[in-house]
């Protein structure tokens with residue numbers, strides 16, 4: 001696995017076929033989780049998946065589309081077009097080095113620009129394919145259910161809080177307020193989360209524990225790595241640029 | 001003053017009321033056979049932590065934005081670069097969203113810069129100057145500034161390296177600071193950890209001093 005502690009020549013010699021890009025966010029996560037929750041989880045997920053794939057781990061993007069949290073403190077955001085441009089430039093940079101697959105690991109549910117941006121990128125790029133690992137917020141298909149409220153989780157609930165209890169237990173505060181919101185998730189297209197629940201949660205953090213977080217984290221890393229392997233096999237065999245390992 | 005970071009909750013932000021935000025920008029590009037491609041990320045992050053702790057007002061220290069505009073290295077192993085208009089948009093979005101939360105003063109730490117550089121024209125990530133300038137013209141009540149730590153600590157850095165009989169060179173300064181912070185990451189060369197410790201110290205002090213002086217001068221205008 002290569003990361004940003006590798007030198008240029010070391011990366012050149014390894015000629016990585018796969019690059020892994022985590023996308024985090026900095027936004028309110030209720031009273032019990034830090035604003036950096038999505039970024040911290042992107043750091044963990046991308047490192048574990050890149051290790052599993054022996055890939056080139058790119059530094060995760062810390063900020064993304066968090067405007068849906070409106071005026072709540074510690075929230076910063078990129079506009080959708082900015083996030084799409086960042087992804088495009090990173091994809092072009094790794095394509096220029098002969099990378100064949102860019103695996104995007106999205107750790108913030110509000111990044112709805114990623115799917116159209118990636119579809120467009122794959123029409124424009126020559127050698128590289130960009131794939132978005134399926135977003136798994138809670139339980140994984142084909143795995144026994146881990147969470148009691150997985151289907152109701154949108155933000156800072158049972159699954160996300162469990163993940164933080166697993167990776168960063170010291171950063172999880174005691175005061176956990178559930179957010180049993182009854183409208184559909186599309187309401188974040190119409191308003192901001194603080195209007196739906198002033199406590200900033202959408203889900204059931206009171207049901208979280210570290211053991212669930214560990215099981216889900218392992219399953220998620222496995223699922224993302226397996227997805228990347230299948231994608232790599234599926235890429236049509238186009239010749240790579242001169243001098244690349246492809 | 002205590003610094004708020006991404007490890008704090010939104011409720012702690014509401015109580016801590018940060019008045020100034022620090023936005024560190026780095027770049028990811030090859031640094032030769034002896035230094036990591038992510039050298040600037042590690043260094044600017046350490047400098048930003050130091051600067052945040054020295055500011056008079058409560059500060060929000062953002063995590064380092066890891067990629068800059070490194071077009072001259074594009075295609076070389078280890079280089080991940082943004083286009084100028086992309087970095088411009090990133091800086092604009094970050095600063096505007098901070099301002100939307102009532103943070104009036106935003107300090108963009110525009111990578112390390114050069115010890116031969118100055119405070120007028122950035123060395124590296126040149127679009128940040130334009131981005132900051134336009135943000136100030138276009139956003140009522142915002143005070144955004146940019147600074148490059150090596151440029152404002154030139155005099156002190158020169159003394160540190162002269163006393164060791166060495167010319168001042170950005171690559172030498174980086175290698176020395178990295179040898180202090182993470183010795184195993186410097187593969188070869190004469191970089192000296194003690195020189196690095198001193199360099200980091202003066203870069204932090206000079207940057208914090210420049211930020212305070214600049215914000216104070218803006219108060220007078």
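Scan region B:172-185 for residues that are closer than 16 Å to residue B:115 by Cα and within 16 Å of the chain's Cα centre (by Cα) and the total you get is 3.
Considering region B:57-92, and only residues there that are surrounded by fewer than 22 Cβ atoms within 10 Å (Cβ to Cβ), farther than 25 Å from residue A:36 by Cβ and touching a residue at least 40 places away in the same chain (Cβ under 8 Å), the residue that is farthest from the chain's Cα centre (by Cα) turns out to be B:76. Given the condition surrounded by fewer than 22 Cβ atoms within 10 Å (Cβ to Cβ) and touching a strand residue (DSSP E or B) at 6+ places or on another chain (Cβ under 7 Å), answer yes or no: does some residue in region B:19-28 qualify? Checked against the condition, which is being surrounded by fewer than 22 Cβ atoms within 10 Å (Cβ to Cβ) and touching a strand residue (DSSP E or B) at 6+ places or on another chain (Cβ under 7 Å), region B:19-28 yields at least one hit.
Among all positions in region A:104-124, there is at least one residue which is out of contact with any helix residue (DSSP H, G or I) (no Cβ under 7 Å at 6 or more places or on another chain) and assigned to a loop (DSSP other than H, G, I, E, B). For residue B:37, are the conditions met, namely being within 22 Å of residue A:78 (Cβ to Cβ), buried (at least 24 other Cβ atoms within 10 Å of the Cβ), touching a strand residue (DSSP E or B) at 6+ places or on another chain (Cβ under 7 Å) and within 9 Å of chain A (Cβ to nearest Cβ)? No.
Region B:1-105 holds helices (runs of 4 or more DSSP H) entirely within its bounds, and those carrying 2 or more residues that are in contact with a helix residue (DSSP H, G or I) (Cβ under 6 Å, 6 or more places away or on another chain) and within 25 Å of residue B:127 (Cβ to Cβ) map to B:39-54, B:84-100.
Residues in region A:8-33 that are farther than 21 Å from residue A:92 by Cβ and buried (at least 24 other Cβ atoms within 10 Å of the Cβ): A:24, A:25, A:26, A:27, A:28, A:29, A:30, A:32, A:33. Within region B:136-151, the residues that satisfy the criterion of being surrounded by 21 or more Cβ atoms within 10 Å (Cβ to Cβ) and in a helix (DSSP H, G or I) are B:149, B:150, B:151.
When A:186, A:214, A:199, A:158 are checked against the criterion of being within 14 Å of chain B (Cβ to nearest Cβ) and more than 18 Å from residue A:36 (Cβ to Cβ), a single residue qualifies: A:199.
Does residue A:103 satisfy the criteria of being buried (at least 24 other Cβ atoms within 10 Å of the Cβ), more than 14 Å from chain B (Cβ to nearest Cβ) and either in contact with a strand residue (DSSP E or B) (Cβ under 8 Å, 6 or more places away or on another chain) or within 23 Å of residue A:217 (Cβ to Cβ) (or both)? Criteria met by residue A:103.
Looking across region A:69-98, the residues that are farther than 23 Å from residue B:84 by Cα, in a loop (DSSP other than H, G, I, E, B) and either in contact with a strand residue (DSSP E or B) (Cβ under 9 Å, 6 or more places away or on another chain) or within 7 Å of chain B (Cβ to nearest Cβ) (or both) come down to A:71, A:72, A:73, A:74, A:75.
FYI, it's all coordinate maths here, none of it is from the lab. What you see is a predicted model, and the numbers here were worked out from it, not measured in a lab. Note that each Cβ is placed from the backbone with ideal geometry, even for glycine, and that neighbours are counted across all protein chains shown.
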